[in-house]
There are 2 protein chains.
Amino acid sequence: MGSWKDNIRKINPYVPGEQPDFPDMIKLNTNENPYPPSPEVRKILDAYPESLLRLYPDPNSAKLVEAIASYNKLRNDQVFVGVGSDDVLAIAFMTFFHSDKPILFPDITYSFYDVWAELFRIPYEQIPLDEHFEIVRSDYYKENGGVVIANPNAPTGICQSIEALEDIIVHNQNVVVILDEAYIDFSNMSARKLIDRYENVLIVQTYSKSRSLAGMRIGHAMGNPELIAAMNDVRFSFNSYPMTRLSVEIGAAAIRDTEYFEKIRRKVIETREWTKKELKRLGFLFGDSMANFIFARHEKVAAQTIFDKLREKHIFVRHFSSPRIENYLRISIGTEQEMKTLIREMERIIQ
Amino acid sequence: MGSWKDNIRKINPYVPGEQPDFPDMIKLNTNENPYPPSPEVRKILDAYPESLLRLYPDPNSAKLVEAIASYNKLRNDQVFVGVGSDDVLAIAFMTFFHSDKPILFPDITYSFYDVWAELFRIPYEQIPLDEHFEIVRSDYYKENGGVVIANPNAPTGICQSIEALEDIIVHNQNVVVILDEAYIDFSNMSARKLIDRYENVLIVQTYSKSRSLAGMRIGHAMGNPELIAAMNDVRFSFNSYPMTRLSVEIGAAAIRDTEYFEKIRRKVIETREWTKKELKRLGFLFGDSMANFIFARHEKVAAQTIFDKLREKHIFVRHFSSPRIENYLRISIGTEQEMKTLIREMERIIQ
């Protein structure tokens, strides 16, 4: 007779970035937006009748789906919503990668992809990026069970051209290709139009970065109605009411406030470009990030040293210990003031 | 060469109760609480700084875990929280039923259990309840991959004694036994104390019923720290930030307001007992429900007839088409006034 412990699924879980909590800290380690969400969010919180919270949410989150569809010029049946893009991606992996052939994604990319593959027992192959952290297209021409590409890539911030993505899609017409656009609003390079042309392409985006709503857990996928329906079938087999009533209301209000959205994403982009110039001046090396972070190493000083010294000053950035990137730091873009403080501390550290 | 459609996971999803939306309706079909949540919830909504929503939530939902642990006199490492008890149960199935032997649960019970088993490819066997919808203990003495019992059972409302549950647990020491106590607060029969004695028992509860927070998606599991840690490993491999910041704050505030909680759950229980007497008077037959619903059939009139006629009056109850229960209605307990209206309509229908 065995033990109940024998039937437990053993897992090496994803390790999220630490969430330090000091009043004076500068938190540049989890790619959050330094600006508050749309002022419409306050109005929702003030006006929402708490008595409605006794009722289940709409299982289809129709109000939020409609707002996202309208913003992206899609029909409602082309949009799937979930509890952050992690939830959306997990469900997409479970839904579409039901094959014995390995799915393909870069060796350096969002570190959740291999965790989901392990969890759902999906075979996978991590394809090395080239020495500039660029994708080598022809590596994706072989037989596989699916393809996942983060664009801009995490943690490098590097964007592939639409033409490069389309080339990979053309060579992978018999599997689902997922484009993870978590950071796309900090570029102008969304592959949104490709879902009109290719029925096997799923684009995933999030409210956690450009919309300043990481705390409300909202993400969505866009693709042809057959893809979306298959995801909803899996969703409804897992948890039929995933989104809180407040997430639906707040998400719908936030996506409609395009003016505020444009204002804060431009500010983040401007601050990123300013930070690039300053980091370059200080001897940092990095690719051309199109995200709300910069992935950089210093020509002389080790990443671990910089990380530790910033930490002493309660400035938190992200340092990964994986091979090929252990000498890099991923620095989220904060407010202008925060980045000025960062650069000032960096100057002291590297001199 | 195959099609991308070949790799899609085909699923028969769980079908949630319909969510009709008429201003004058009496909604007794999804076992929601007729009373609003604790007044503390309004205070949270008014006071919560919306700017904090730009930040990720605490991945451990520590504030909520602490409040639940404190209420249940447990340590924090004995509590797991999720996006409603559906999310908690789904993760428990994925974590603990990693065996080739079938898991066991009743033929008439929460209709999500077989959906999760199918989704995660867990073999399962549905054990018939007896003719009074009671569990036959000895049916659970055989070898299996795990046991799941809803207590009170859904949709029957019938409660097993702690002694009966303990007997089943004693006979199943080498697998995890899940007790789904979604409706337990409407009884006085929680098996909470069994987790102190049996390390293989997991108790799952929800905020959606007795706490009037179905719209905020909060559920939890309680068990020995090894069970909880294994669930967290799976959780963090799926979605590392499942709970919104507002769910954590609202949940913690609601569970601390024990006075309000006691008041509304007693009201629901009183109204249930009044409704039982009235239904009996009208010729309905039902077991002794310990939940916030009554599962009843009429001695003469077919369930479908009653269902349709109530519906015409915008009174919504639940009717299942499954064998053995197709002549029953599941009627959630509403306010006194709502139940008086229901009984008045029932009188007209059955005469």
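Every residue in region A:104-118 that is more than 10 Å from chain B (Cβ to nearest Cβ) and assigned to a loop (DSSP other than H, G, I, E, B), please. Answer for region A:104-118, where residues must be more than 10 Å from chain B (Cβ to nearest Cβ) and assigned to a loop (DSSP other than H, G, I, E, B): A:107, A:108, A:109, A:110, A:111. Kindly indicate the residue of region A:277-297 that is part of a loop (DSSP other than H, G, I, E, B) and more than 23 Å from the chain's Cα centre (by Cα) and also surrounded by the most Cβ atoms within 10 Å (Cβ to Cβ) among those meeting that condition. The selected residue is A:282.
Take the conditions (1) under 30 Å from residue B:98 (Cα atoms); (2) without any contact (Cβ under 8 Å) to a residue 60 or more places away in the chain; (3) outside any loop (DSSP other than H, G, I, E, B); (4) within 14 Å of another protein chain (Cβ to nearest Cβ); residue A:121 misses just one of them, which is (3). Criterion applied to B:63, B:101 was being in the same structural domain as residue B:121 (by TED's automatic domain parsing) and either surrounded by fewer than 16 Cβ atoms within 10 Å (Cβ to Cβ) or assigned to a helix (DSSP H, G or I) (or both), and the one residue passing it is B:63. Here residue B:58 meets the list (1) among the charged types (D, E, K, R); (2) under 18 Å from the mean Cα position of the chain (by Cα); (3) buried (at least 16 other Cβ atoms within 10 Å of the Cβ) almost entirely, failing just condition (2). Applying the criterion of being in contact (Cβ under 8 Å) with a residue 40 or more places away in the chain and not in a loop (DSSP other than H, G, I, E, B) to the residues of region B:1-44, the residue that is nearest to the other protein chains (Cβ to nearest Cβ) is B:41.
Taking the listed residues B:5, B:73, the one that is at pLDDT 95 or above and of a type outside the set (Ser, Thr, Tyr) is B:73, with no other qualifying. Taken together, B:215, B:223, B:219, B:251 contain a single residue that is within 10 Å of chain A (Cβ to nearest Cβ), within 19 Å of residue B:192 (Cβ to Cβ) and either modelled with pLDDT of 95 or more or touching a helix residue (DSSP H, G or I) at 6+ places or on another chain (Cβ under 6 Å) (or both), which is B:219.
Among the residues of region B:55-98, those that are of a type in the set (Lys, Arg) and within 25 Å of residue A:13 (Cβ to Cβ) comprise B:63, B:75. Of everything listed in (1) within 24 Å of residue B:21 (Cα to Cα); (2) buried (at least 16 other Cβ atoms within 10 Å of the Cβ), the single unmet condition for residue B:308 is (2). Scanning region A:111-143 for residues that are of a type in the set (D, E, K, R) and closer than 22 Å to residue A:12 by Cβ yields A:114, A:118, A:121, A:125.
Given the criterion acidic (Asp, Glu) and touching a strand residue (DSSP E or B) at 6+ places or on another chain (Cβ under 6 Å), identify the matching residue among A:139, A:130. Answer to the check: A:139.
Only residues that are in a helix (DSSP H, G or I), free of Cβ contacts under 8 Å to residues at least 24 places away in the same chain and either touching a Gly at 6+ places or on another chain (Cβ under 7 Å) or within 18 Å of residue B:216 (Cα to Cα) (or both) were counted across region A:204-253, and they come to 1. Return the residues of region A:160-179 that are under 20 Å from residue A:132 (Cα atoms) and outside any helix (DSSP H, G or I); say none if nothing qualifies. A:160, A:161, listed by residue number.
For the residues B:79, B:170, B:136, B:83, the requirement of being of a type outside the set (Lys, Arg) and under 25 Å from residue B:287 (Cα atoms) singles out B:136. Please indicate, with yes or no, whether at least one residue in region B:175-184 is more than 30 Å from residue A:88 (Cα to Cα), in contact with a Lys or Arg (Cβ under 9 Å, 6 or more places away or on another chain) and within 13 Å of chain A (Cβ to nearest Cβ). Looking for residues that are more than 30 Å from residue A:88 (Cα to Cα), in contact with a Lys or Arg (Cβ under 9 Å, 6 or more places away or on another chain) and within 13 Å of chain A (Cβ to nearest Cβ), one finds at least one in region B:175-184, hence yes.
Quick one: how many residues across region A:262-276 are within 19 Å of residue A:206 (Cα to Cα) and either surrounded by fewer than 16 Cβ atoms within 10 Å (Cβ to Cβ) or assigned by TED's automatic domain parsing to the domain that holds residue A:133 (or both)? So the count comes out to 3.
When A:295, A:236, A:320 are screened for being in contact with a Pro (Cβ under 7 Å, 6 or more places away or on another chain), outside the structural domain of residue A:155 (by TED's automatic domain parsing) and closer than 30 Å to residue B:83 by Cα, only A:320 passes. For region B:66-93, a residue qualifies if it is surrounded by fewer than 24 Cβ atoms within 10 Å (Cβ to Cβ), closer than 24 Å to residue B:198 by Cβ and not acidic (Asp, Glu), and the qualifying residues are B:69, B:70, B:71, B:72, B:73, B:74, B:75, B:76, B:78, B:79, B:90. Screening B:195, B:184, B:162 for residues that are crowded, with 18+ Cβ neighbours inside 10 Å and over 11 Å from the mean Cα position of the chain (by Cα) leaves exactly one candidate, B:195. All conditions but one from (1) in contact with a helix residue (DSSP H, G or I) (Cβ under 7 Å, 6 or more places away or on another chain); (2) farther than 24 Å from residue A:195 by Cα apply to residue A:266; the one that does not is (1).
Could you list, ordered by first residue, the pairs with Cβ atoms under 7 Å in which the first is in region B:65-88 and within 17 Å of residue B:261 (Cα to Cα) and the second is of a type in the set (Gly, Ala, Ser) and surrounded by fewer than 24 Cβ atoms within 10 Å (Cβ to Cβ), at least 6 apart or interchain? That search, which allows pairs on different chains as well, returns B:67/B:252. Scanning region B:234-260 for residues that are among the acidic types (Asp, Glu) and surrounded by fewer than 20 Cβ atoms within 10 Å (Cβ to Cβ), we see that the one that is nearest to residue B:212 (Cα to Cα) is B:257.
Checked against (1) at pLDDT 95 or above; (2) within 14 Å of another protein chain (Cβ to nearest Cβ), residue B:237 passes all but a single condition, namely (1).
Inspect all residues belonging to region A:298-317 and state whether any of them is assigned to a helix (DSSP H, G or I), under 15 Å from residue A:29 (Cβ atoms) and polar (S, T, N, Q). Yes, because at least one residue in region A:298-317 is assigned to a helix (DSSP H, G or I), under 15 Å from residue A:29 (Cβ atoms) and polar (S, T, N, Q).
Scan region A:125-140 and give yes if some residue there is in contact with a His (Cβ under 6 Å, 6 or more places away or on another chain) and surrounded by fewer than 23 Cβ atoms within 10 Å (Cβ to Cβ), otherwise no. Looking through region A:125-140, none of the residues is in contact with a His (Cβ under 6 Å, 6 or more places away or on another chain) and surrounded by fewer than 23 Cβ atoms within 10 Å (Cβ to Cβ).
The values are calculated or read from the model by the stated rules, or taken from the named source; none is laboratory data. Source: prediction; values computed, not measured. Positions of Cβ are generated from backbone atoms using ideal geometry, with glycine treated the same way; all protein chains shown enter the neighbour counts.
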